[in-house]
Amino acid sequence: MLEDILPAKKVLSIQSHVVHGYVGNRAATFPMQCQGWDVDTLNTVNFSNHTGYGQVYGAKTTAGQLRDIYHGLKDIGFRYDALLTGYIPGDEAVQAVGEICVDIKRRDTECIWLLDPVMGDEGQLYVEQSVIPAYKAILRSGLVDIITPNQFEAELLVGFSITDTASLKRCLTYLHEEYNVRHVVISSLALEFPDEVQQRTTCDRADPTSSKSIFAVASSQGIVTLFKIPHIDSYFTGVGDLFSALLLDRVAKHKRAFAENVNEILSVMLDVLHVTNRLVIREVGEALRGTIGSAESMKHCELRIIECQQLYQAEEKYFLPCELK
Amino acid sequence: MSQIDTILTLPSPLKILSIQSHVTHGYVGNKAATFPLQFRGWDVDALNTVQFSNHPGHGRFTGPKASADDIQQLARGLQVLDVPYAALLTGYVPDAASLAAVGAVCAALCRRHGSVWVVDPVLGDNGKLYVSREVIPVYQTILRSGHVTLATPNQFEIETLVGREISSLVHVAQAMRLFHEMYGVPHVVVTSIHIPGENLIYSSGSSRAPDGTITAFYYRIPLIDSVFSGSGDLLLALLTDAFYRQPGASLAEALGESLSVVENVLLVSQRAEREKLGSGRHVKDLRLIEARGLLKGKCRYTPVEFNE
């Protein structure tokens, strides 16, 4: 019984905490624990629920408190295999998290840092303007290993829009060279690609009757890989947080092409979203889009993180991606 | 059937609200309770009453307590959300005003949704209070509210709450009987009772039926030669799960199963600590993740009924 137990890998995850629902640390922690990680959670906010509900109660953790907690951790001694940083509300706290992670990386270069520069989506900023330069300053440390921005966030980090294949490639080059980031994933790219690219990029789970899709791109070691993601008609918060957590798990455990890890986790995400959608329908009798500001609808549109417990370890790959030359 | 089809046929997870401390590193309070409950299929909402770097068993820690105002705010948020919790679990709350706010929101949830409320009346241990004295009457009010289904004081806490010292097994049975009488709580569990001169520990429980019949029992547990932090919080979470899932079954079965699982986790943790430090005398961090495969164990102890 006691013989075949392996020591857990250790991650420090710095993200939001909500009492109810699954975003930030709440979306990342349980899946990583199921994958055998000891997750140390430093919570950047302590809220009743995510902001989409309209009313939010609770407090932010100040930059001073974040530093203070880190000093406590240092005092008792730690060694982390990985760092995961997500939503941080405000430039001072972003700066504090930057200092903490840079300090950890300088002590242990083997530690893998995944940074999700959470700033906004679809043209809308949901942090203060001053957070943008704070993230750029962290990235200039050159110590971040993986970033997972969405299209809007990637554009903010490079300072120009992504409108076609050429500007996408320029953006990726900038992120690799200016910030020394090894692996980049841009999730949810709303771009038109040439037909010959589109046709070579398929997914086993795509609905043949639907032509709608978005793209994700993975870039690592000079190879840019494009994935066509079937459109799922729903609105869930926390999807990016779960994606980043599971991607970090795979990168820390496997020495294989980065795109393979991305393929595996995009596949897990499709299953998680499928299960969540089906369970929403079972619960309320119809497919539901969470309406921003409506707590009643948002309550039903939380990711089913607990129900999906068995899916996080899956190894299937549903995507046939294509290399973007 | 595919894995997804299997998931879609399962009943929805039960919802529980756990109000306890949070530490960044290690497993006490909500960090000890949340994962085992989730692993056993509960949808756990977690209200954190403090955010410390680590638990005080390390000798030092940093980080803020949530102020009474913060906790009242979060309690207000929970009132707005109005989640139909099957169970509520409350542990360490740092001060009387916060505890009163927690008590009010839990009582309201019990009234609306008939939630089972498990209260660990955290006051102190080994003869020492580690909350302010004003917290005691607030717990007494909560316990008398008629909403608490199960209370899990330790030896020091039940002594404080019933005003009697315990130095023999007969005293334990008397204290639990008195606890039912004073507070009207139908189920009480007192774990880790040390009787002077005995080289094992006792874990006891007592249920009072609506007709007043009392069924009290105890387990004899072999002493593991180490000090553990968080084992009580883990037991509380497992007991809440076992007790809720088998409402027809006895408190004795629920406690026996939970004690067996805790023992497994402690043995894994002790061995890992020895490998790491060469000594396993004080196991500061439970190895909950390493031991996760053992979290769904079966009972290996036999209860003994109290014969008064």
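The values are calculated or read from the model by the stated rules, or taken from the named source; none is laboratory data. Predicted, not measured: the structure shown is a model, and the values here were computed from it. Neighbour counts are summed over all protein chains in view; Cβ atoms, including those assigned to glycine, are modelled from backbone coordinates with ideal geometry.
Among residues of the range B:11-29 being closer than 20 Å to B:L78 by Cβ and free of Cβ contacts under 8 Å to residues at least 40 places away in the same chain, the one that is nearest to the other protein chains (Cβ to nearest Cβ) is B:P13.
Filter the range A:202-223 down to the residues that are within 19 Å of A:Q151 (Cα to Cα) and surrounded by fewer than 20 Cβ atoms within 10 Å (Cβ to Cβ), then identify the one that is modelled with the highest pLDDT. The qualifying residue modelled with the highest pLDDT is A:I223.
Yes/no matrix, rows are residues, columns are (1) more than 9 Å from every other protein chain (Cβ to nearest Cβ); (2) surrounded by 18 or more Cβ atoms within 10 Å (Cβ to Cβ); (3) at pLDDT 95 or above; (4) out of contact with any strand residue (DSSP E or B) (no Cβ under 9 Å at 6 or more places or on another chain):
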position: A:D40; (1), (2), (3), (4): no, yes, yes, no
position: A:T44; (1), (2), (3), (4): yes, yes, yes, no
position: A:F47; (1), (2), (3), (4): no, yes, yes, no
position: A:T51; (1), (2), (3), (4): yes, yes, no, yes
position: A:A63; (1), (2), (3), (4): yes, yes, yes, yes
position: A:Y70; (1), (2), (3), (4): no, yes, yes, no
position: A:R79; (1), (2), (3), (4): yes, no, no, no
position: A:L83; (1), (2), (3), (4): yes, yes, yes, no
position: A:Y87; (1), (2), (3), (4): yes, yes, yes, no
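In the range B:110-117, the count of residues that are in contact (Cβ under 8 Å) with a residue 24 or more places away in the chain, more than 11 Å from every other protein chain (Cβ to nearest Cβ), in a loop (DSSP other than H, G, I, E, B) and within 30 Å of B:K284 (Cα to Cα) is zero. Within the range B:129-145, the set of residues being at pLDDT below 95 and under 19 Å from the mean Cα position of the chain (by Cα) comprises B:L129, B:Y130, B:V131. Hey, any hits in the range A:64-72 for a residue that's touching a residue at least 12 places away in the same chain (Cβ under 8 Å), part of a helix (DSSP H, G or I) and of a type in the set (F, W, Y)? There is at least one residue in the range A:64-72 that is touching a residue at least 12 places away in the same chain (Cβ under 8 Å), part of a helix (DSSP H, G or I) and of a type in the set (F, W, Y).
Taking the range B:48-90 as the search range and keeping residues that are hydroxyl-bearing (S, T, Y) and facing chain A (nearest Cβ under 7 Å), which one is surrounded by the fewest Cβ atoms within 10 Å (Cβ to Cβ)? Full working, then the answer.
Applying the first criterion (hydroxyl-bearing (S, T, Y)) to the range B:48-90 yields B:49, B:53, B:62, B:67, B:85, B:90.
Right, trim to facing chain A (nearest Cβ under 7 Å) and you get B:53, B:62.
Working: B:S53: 25, B:T62: 20.
Filtering the range B:48-90 for residues that are hydroxyl-bearing (S, T, Y) and facing chain A (nearest Cβ under 7 Å), the one surrounded by the fewest Cβ atoms within 10 Å (Cβ to Cβ) comes out as B:T62.
Against the list (1) within 23 Å of B:I71 (Cβ to Cβ); (2) within 9 Å of chain B (Cβ to nearest Cβ), the condition A:Q15 fails is (2).
Taking the range A:107-127 as the range and being out of contact with any helix residue (DSSP H, G or I) (no Cβ under 8 Å at 6 or more places or on another chain) and within 24 Å of A:F258 (Cβ to Cβ) as the test, the residues that pass are A:D108, A:T109, A:E110.
Filtering the range A:75-102 to residues that are part of a helix (DSSP H, G or I) and within 15 Å of A:S13 (Cα to Cα) leaves A:A93, A:V94, A:A96, A:V97, A:G98, A:E99, A:I100, A:C101, A:V102. For the range A:293-310, the condition of being facing chain B (nearest Cβ under 10 Å), at pLDDT 95 or above and in a helix (DSSP H, G or I) holds for at least one residue.
Please report, ordered by residue number, the strands (runs of 3 or more DSSP E) entirely within the range B:146-238 with at least 1 residues that are of a type outside the set (S, T, Y), at pLDDT below 95 and within 30 Å of B:R274 (Cα to Cα).
Details: elements: B:148-151, B:187-193, B:200-208, B:214-222.
Answer list for the range B:146-238: B:187-193, B:200-208, B:214-222.
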